[in-house]
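Here's the structure we're looking at; comments come further down.
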Amino acid sequence: MNERIKEILSWYSGENPGTLRNLYRILMQGRLGGTGKMVILPVDQGFEHGPARSFAPNPAGYDPVYHVKLAIEAGLNAHAAPLGSIEVIAREYAGQIPLILKANNHDVLNQSSDPIPAVTASVEDALRLGCSAIGFTIYPGSSNFKQMYEEIRAMALEAKRAGLVVVIWSYPRGSGLSKKGETAVDVVAYAAQIAAQLGAHMIKVKPPTEHIELEEAKKVYEKYNIPISTLAERVRHVVQSAFDGKRIVIFSGGPAKGKEEVLEEIRQIKEGGGFGSIVGRNTFQRPKEEALKLLDEIISIYEKD
Ligand code: FBP
């Protein structure tokens, strides 16, 4: 094991060998294996946004098999999906790429200003399907935060006992925040801290903007001159907010956008010390060859020393 992977695993030394092995698998898989960086393909958007919104731009994506093949061919570190999709692919692709079972999900058929996902899969499902990790979304800022935090507390305990990795999608949202506030730098940093304190091994957040949502926080950012003017600086601050970089923090891709815009964002995430990306729509909504090419360029950015 190289020094960087040893260092990362040392931050999790309280965990059992099963969890460390699964984390190691994710860190060692694919083209970024051994670098301490990672790129993951998440495909839960069919559930989260609806099938046509997610897959009409590239209809091959209606089939869960398409995504796991894309993740393997591109040399990614892991693939995340809800229960039904994992059940379709788990047997045929067993052992070929670490799977993250998305264990709660939300849909847009009942739009509440205080969203809360439903628990849609269990630790037992993850073990039965040979997954390395469970994935769980929390919405800090929703008035239902208490239920989500308590659900992940219970599921994380069970997952850790079973030797799985816990990945938290920490997405600020709800009546406590303005729309702009969902990606404000102070709020995203706070969301990373909350996920770390809830026991996440890996944390997924959205790239933060320069906006500061909370008045009390604003005073502190100004007083201490916390640099937040470039995305790289903001990424650095978010990573620092997750135990001074001792938790793996990765950044999501967001709605489909131009290639140059995606690549520039990745360069900044890399420069800011982000551990990698979890990119869904920007890859699977492109035709396969184009997606493979983009993923190749994304990986090349993370690969550079
Ligand atoms: P994308 O790269 O497509 O944004 O995927 C990352 C992700 O976290 C998905 O797992 C999830 O479905 C989606 O973002 C949620 O997006 P939104 O917050 O816009 O509903």
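The values are calculated or read from the model by the stated rules, or taken from the named source; none is laboratory data. Source: prediction; values computed, not measured. Every residue, glycine as well, gets a Cβ built from its backbone with ideal geometry; the counts of neighbours run over all protein chains shown. Heavy atoms of the whole protein, side chains included, go into the accessibility calculation; ligands, DNA and RNA do not. Shrake-Rupley method; radii C 1.70, N 1.55, O 1.52, S 1.80 Å.
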Mind telling me which of 16, 225, 282 comes out most flexible in a GNM of the chain, alpha-carbon contacts under 10 Å? 225
Ranking request for peptides 60-70, 129-139: highest mean number of other beta-carbon atoms within 10 Å first, then the rest in descending order. 129-139, 60-70
Computed, not fitted: 222 nm per-residue ellipticity of the chain from DSSP H runs ≥ 4 (each -39500 (n - 2.57)), nearest 500, equal to -13000 deg cm²/dmol
Relative contact order of the chain (C-alpha contacts under 8 Å, at least 6 apart) in percent is 17 percent
By accessible area of protein heavy atoms, probe 1.4 Å, what ranking do 28, 1 get, highest first? 1, 28
Which ³J(HN,Hα) values in Hz, rounded to whole numbers, follow from the phi angles of segment 116-132 under the Karplus curve 6.51 cos²θ - 1.76 cosθ + 1.60, where θ = phi - 60° and Gly and Pro get x? 8, x, 8, 6, 10, 7, 10, 4, 4, 4, 4, 5, 4, 9, x, 6, 8
Using bins 10 angstrom wide from zero, how does P(r) for segment 109-258 break down, in % of all Cα pairs? 11, 38, 34, 14, 2, 0
Order by protection proxy (mean Cβ within 10 Å, highest first), peptides 141-152, 210-221: 141-152, 210-221
Which cross-chain or sequence-distant (5 or more) residues have an amide H under 5 Å from the amide H of residue 250, H modelled 1.01 Å from N in plane? 203, 204, 205
Rg (one decimal) and Dmax (whole number) from the Cα set of the chain, in Å, equal 17.9, 56
Residue-by-residue Karplus 3J(HN,Hα) for segment 145-158, coefficients 6.51, -1.76, 1.60, Hz, glycine and proline x: 4, 4, 4, 5, 5, 6, 5, 6, 4, 5, 6, 5, 4, 5
What's the magnitude of the charge dipole for segment 73-231 around its Cα centre, counting Lys and Arg as +1 and Asp and Glu as -1 at the beta-carbon? Answer in Debye, nearest 20. 220 debye
Highest mean first, how do 85-97, 154-166 rank when packing is the count of other Cβ atoms within 10 Å averaged over residues? 154-166, 85-97
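How many Å³ per residue does the convex hull of the Cα positions in segment 182-305 occupy?
107 Å³
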Which of 178, 252, 112 moves most in a GNM of the chain, Cα contacts under 10 Å? 112
Per-residue HN-Hα couplings for segment 278-287, Karplus 6.51 cos²θ - 1.76 cosθ + 1.60 at θ = phi - 60°, whole Hz, x for Gly and Pro? 10, 10, x, 4, 5, 9, 6, 7, 9, x
